[in-house]
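Asker: A single structure is presented below for examination.
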Amino acid sequence: MARVTFKIWRGDKQAGEFKEYNTEVSEGMVVLDAVHQIQAESANDLACRWNCKAGKCGSCSAEINGMPRLMCMTRLNDMNLDEPVSIEPMRAFPVMKDLVTDVSWNYRVKKKIKPFKPRLPDNDDGSWNMQQQDVERVQEFRKCIECFLCQDVCHVLRDHHKHDEFIGPRYFVYNAALEMHPLDEEDRLADLKKSQGIGYCNITKCCTKVCPENITITDNAIIPLKERVVDEFYDPLTKLFRIFKPRK
Amino acid sequence: MAEYETIEFDVLIIGAGGAGLRAAIEASSTGISVGLVCKSLLGKAHTVMAEGGMAAALANVDERDSWKTHFADTMRGGYYINNWRMAQLHAQQAPDRVRELEAWGAVFDRTREGKIMQRNFGGHAHPRLAHVGDRTGLEMIRTLQDHGIHQGIDVHMECTVTSLLMDGDRVAGAFAYARELGKFKLFKAKAIVMATGGIGRAYKITSNSWEYTGDGQSLAYHAGADLIDMEFVQFHPTGMVWPPSVRGILVTEGVRGEGGVLKNSSGERFMFGDIPDNYKSSTADNPEEGWRYVTKTDRNARRPPELLTRDHVARCILKEVKAGRGSPHGGAFLDISWIKEKIPNAEAHIKKKLPSMYHQFKELAGIDITTEPMEVGPTTHYVMGGIRVDGETQMSTVPGLFAAGECAAGLHGANRLGGNSLSDLIVFGKLAGEHAARFAQENGKPAISDADVNSALLEALAPLDSSRATNAGGAYQIQYDLQEMMQSNVGIIRQEDEMLEAVQGIEALKQRAANVAAPGNRQYNPGWHTALDLKSLLLAAEAVARSAIVRKESRGAHTRDDYKNKEEKFDSVNTIVRMGKDGQMQVTLESIPKIPAELKQIIDDHK
């Protein structure tokens, strides 16, 4: 096809800058192919994460021409190649090196969310009965590949750095998958309100827009959770009832 | 002298895919200390890419299914050189392991009665694969991960083991580098479970990720363990073929399970033209019967020939291409869109049942699979061979060293049935974790010599030696050259002279790898990592090539042009690879222990 210029951010915690690389682009190539080619040709130590190369593992998240995307699912022929293509690491997380960021905060956050707690099995063999229509809503959330692009784009994390008070869209989706699981009996609403900061989300839907799995993060996960929190903690009628019939 | 950090565990698990995670969960449930090391981030291992489902005789969709049928299907699919004890345990325990995943939060697709849904797959007599659309692997790994993080397992992510350390014959620890800063870690352990997956990066056209460089096989081999049946590499019949950059990416067998058909350039369903004798009685002889089977509308209908075993379907596609009846880019057409002739809402049905296939073709190839056929061709997918293990305990021939999942061998024989891999991971992951924990409880701490640690450390640092001639693209180029050679010389159809050439070629590549230089420093340096992976990758490739030369017949996934038939003298032997006293690789044949009469009876009953 043609030779194309890529501006790739190179550096580490201390410092970094965009460096230009030129490589031959052929039909059907995605951004990750170009990065690999550059790595093999002229930058052996260029750091990037990847695994499946098919949009299933969520490893190769980066910002391509300023948009948070998976490098393996971004086709070059959908882009203007007359201009250099810029590739930089996710900006909501600390850089490790080049395109690789330290996403360990996400793993720490997940560990703090109360795990799945099923009701007693319905059948003697330890199994449960659930209808397809009842699991579908949870299945949407369970499509999440943990690419953390939603976290990257969320202004509460990206611009306001509320990592200590706010768990981000990924973990609202995770909470929703647990809360709406037909078998789950745990109650996570107090955590969502207090330590997990769901109130910070002002539903700008940027997370939904960048989700490579097309999960309707804001409408299907965050808003219903917000509604549950409101019902539980802010509904005047409920409050009134509680005065007469306190929770156990 | 470079430093290293020392960390001690009772049991160390290497690899965090389905098998590694399941082993870690089991081992830690006994209250001992467990470490888990993985090359990538947690939850990104190859299991995540598994699509179609996990095979377990739950009998939710067809009550005629039982562990016995599953056992017989697995043995037939493996051409009877499977480890029959493993095939038995697998068939018996898979249903419990699947239900356990549900108890840990997995959300499978449901039947109308609200039970776990099961789908048809190649070589399985009944609908047997529990699944979630076509992203079952993601469901499995996420379930195990989300359960596992609350079990007190110490996880070391982005950490690669480069050597095993020994105390005499017994395994004693593992030496590793942590990717982020390139610092070294010494893991001391009483028992180690290998769960490192396969060797697919030895081939050019592959569905496997960068991680699949045969680490477990190579580490075990160098520790003195036997490998078996390494010649059996599964080429999945349906990988993407176009555009070039996605060549090899998997197209799930689930497409055929949901009614997808294979056609050549003249529109003929060529699979009807070549049905092997041992599957004739169970295969449909016309499209209508096949459709009734797929839709489960006729309990007596036989499966369509598209659902024959993977080795056979891959060969049939190649044959069409060679005869000039292939698709424009050298594959065959796989069409699921045709079901719109049969059912209303076909488009919605396809998107519901095969969402990631729809997405994958739409995004990467610009093809809408609900309206047009896909182009597919064989891709390197799985290695049936691997570390030889005891069927009961999953211990290798090295005391204290266990293996589970793809890096272990035995269950699948000469050819793996689709869906038996995910169930393999949870059945044998559990057993390996359980027995490794027991071994750790019954044995004291092994000792590791400083000299051994030091030589492991020097070996790991060697590619960074600036006095080595830097040859741009060094490690990558060696990998490409190996992939090209394995693809053309030890690929789907093999012959002696080409394989001998490959063995020589591998020797030459070893020489190059011994002097490979990686520019840059130790901090997250993929060039260095690729250089270190070469040792395992070359070892795995050599084991495949040498074993394939020794097996002078065609059986399952191992197809030879110079020995076209199955030979009786190979009917009940495994190929054994081990390191000789001189350090050279030795390949021998060993008889498989005699199958007990009751298991033989089950096989005969299902013929």
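Asker: Give me the percent of DSSP beta bridges within chain B that run antiparallel, rounded to the nearest 5.
Answerer: Values: 45 of 70 bridges.
In chain B, approximately 65 percent of DSSP beta bridges are antiparallel ones.
Asker: Using unit Cβ charges (K, R positive; D, E negative) and no other charged atoms, how large, in debye to the nearest 20, is the dipole of segment B:187-304 about its Cα centre? Don't skip to the end; give the middle numbers.
Answerer: Details: 14 positive and 14 negative charges, 68 e Å.
It comes to approximately 320 debye.
Asker: In which sequence would B:VAL11, B:VAL550, A:VAL95 go, from the one with the fewest C-beta neighbours within 10 Å to the one with the most?
Answerer: Fewest-to-most ranking of B:VAL11, B:VAL550, A:VAL95: B:VAL550, A:VAL95, B:VAL11.
Asker: How large is the dipole of the protein assembly as shown about the Cα centre if only Lys and Arg carry +1 and Asp and Glu carry -1, each at its Cβ, rounded to the nearest 20 debye?
Answerer: 1340
Asker: If each of A:TYR200 and A:GLN132 carries a label point 7 Å out from its Cα toward its Cβ, how far apart are those two points in nm?
Answerer: The modelled label-to-label distance comes out at 4.0 nm.
Asker: Taking +1 at the Cβ of each Lys and Arg and -1 at the Cβ of each Asp and Glu, which of B:ASN515, B:HIS70, A:CYS207 sits farthest along the dipole of the protein assembly as shown towards its positive end, judged by Cα position relative to the Cα centre?
Answerer: After comparing all options, I get A:CYS207.
Asker: Further, regarding this structure: Hey, fewest Cβ within 10 Å first, where do B:HIS124, A:HIS160 land in order? Could you put the intermediate results ahead of the total?
Answerer: Numbers: B:HIS124 26, A:HIS160 12.
Lowest count first: A:HIS160, B:HIS124.
Asker: Let me ask something additional. Using 0.36 nm per residue of separation minus the Cα-Cα distance, give me the extension gain between B:ARG325 and B:LYS183 in nm, one decimal. Don't skip to the answer; put the middle values down first.
Answerer: Values: separation 142, 0.36 × 142 = 51.12 nm, distance 5.38 nm.
The B:ARG325-B:LYS183 span can extend by a further 45.7 nm.
Asker: Of the beta bridges DSSP finds with both residues in the protein assembly as shown, what % are antiparallel, to the nearest 5?
Answerer: Looking only at bridges with both residues in the protein assembly as shown, the antiparallel portion is about 70 percent.
Asker: Roughly what angle does helix B:420-442 make with the longest principal axis of chain B, taking Cα atoms, 0 to 90 degrees, to the nearest 10?
Answerer: That helix lies at roughly 30 degrees to the long axis.
Asker: Additional query: Of B:GLY197, B:TYR221, B:LEU458, whose Cα points farthest to the positive end of the dipole of the protein assembly as shown (charges on the beta-carbon: +1 Lys, Arg; -1 Asp, Glu; origin at the Cα centre)?
Answerer: The Cα lying farthest towards the positive end belongs to B:GLY197.
Asker: Applying a 10 Å radius around every beta-carbon, put B:524-532, B:187-195, B:266-274, B:487-495 in order of their mean neighbour count, most first.
Answerer: Averaged packing, sorted descending, gives the order B:187-195, B:524-532, B:487-495, B:266-274.
Asker: Also: Which value at 222 nm does chain B reach when only helices count, each DSSP H run of 4 or more adding -39,500 (n - 2.57), with the total divided by all residues and rounded to the nearest 500 deg cm²/dmol?
Answerer: The helix-only estimate for chain B comes to -11000 deg cm²/dmol at 222 nm.
Asker: Roughly how many debye, to the nearest 20, is the charge dipole of chain A about its Cα centre, given +1 on each Lys and Arg Cβ, -1 on each Asp and Glu Cβ, and no other charges?
Answerer: Using only the charged Cβ atoms, the result is roughly 1000 debye.
Asker: Provide Rg and Dmax in Å for segment A:2-101, with only Cα atoms included in the calculation.
Answerer: Rg then Dmax for segment A:2-101, in Å: 12.4, 37.
Asker: Give the aspartates and glutamates reachable from A:LYS239 as a straight Cα distance under 16 Å; neighbours fewer than 8 places away on the same chain don't count.
Answerer: Within the straight-line limit of under 16 Å, A:LYS239 reaches these aspartates and glutamates: A:GLU227, A:ASP231.
Asker: In straight Cα distance, which aspartates and glutamates are under 18 Å from B:LYS39, not counting same-chain residues fewer than 8 positions off?
Answerer: A:ASP45, A:ASP102, A:GLU146, B:GLU5, B:ASP154, B:GLU158, B:GLU180, B:GLU211, B:ASP215, B:GLU406, B:ASP533
Asker: Now for a different question. Binned at 10 Å from 0, what are the whole-percent values of the Cα-Cα distance distribution for segment B:464-571, short to long?
Answerer: Pairs per bin, as whole percents: 15, 39, 24, 14, 7, 1.
Asker: Report the percentage of all Cα-Cα pairs in segment B:241-380 whose separation exceeds 25 Å, rounded to a whole percent.
Answerer: 23
Asker: Also, I was wondering about something else. Give the order of B:ARG546, B:ARG22 when sorted by the count of other beta carbons within 10 angstrom, beginning with the fewest.
Answerer: Taking fewest neighbouring Cβ atoms as first place, the list is B:ARG546, B:ARG22.
Asker: List the cysteines of chain A that have no other Cys Cβ closer than 4.7 Å: which are they?
Answerer: Within chain A, the cysteines lacking a partner Cβ under 4.7 Å are A:CYS48, A:CYS60, A:CYS72, A:CYS144, A:CYS147, A:CYS154, A:CYS201, A:CYS206, A:CYS211.
Asker: Would you mind checking B:LYS188/B:LYS510; B:LYS263/B:LYS564; A:LYS112/A:LYS194 for any pair whose Cα atoms are more than 20 angstrom apart?
Answerer: Details: B:LYS188/B:LYS510 29 Å; B:LYS263/B:LYS564 25 Å; A:LYS112/A:LYS194 13 Å.
Checking Cα-Cα distances, B:LYS188/B:LYS510; B:LYS263/B:LYS564 exceed 20 Å.
Asker: Given the pairs A:LYS53/A:LYS205; B:LYS190/B:LYS430; B:LYS44/B:LYS296; B:LYS430/B:LYS535; A:LYS143/A:LYS209; B:LYS183/B:LYS581, which span a C-alpha to C-alpha distance of over 25 angstrom in this model?
Answerer: Beyond 25 Å between Cα atoms: A:LYS53/A:LYS205; B:LYS44/B:LYS296; B:LYS430/B:LYS535; B:LYS183/B:LYS581.
Asker: Sticking with this one: Tell me, what is the percent relative contact order of segment A:104-238, built from C-alpha pairs under 8 Å that lie six or more residues apart? Present the calculation step by step, with values, prior to reporting the outcome.
Answerer: Numbers: 140 pairs, mean separation 38.2, N = 135.
This gives 28 percent for segment A:104-238.
Asker: Distance in nm between label sites at A:ALA2 and B:LYS352, each 7 Å beyond Cα in the beta-carbon direction?
Answerer: Calculated label separation equals 4.5 nm.
Every number in this text was worked out from the coordinates using simple rules, so none of it is lab data. Everything numeric here is computed off the predicted structure, so don't read it as measured data. Every residue, glycine among them, receives a Cβ derived from its backbone with ideal geometry; neighbour counts consider all protein chains shown.
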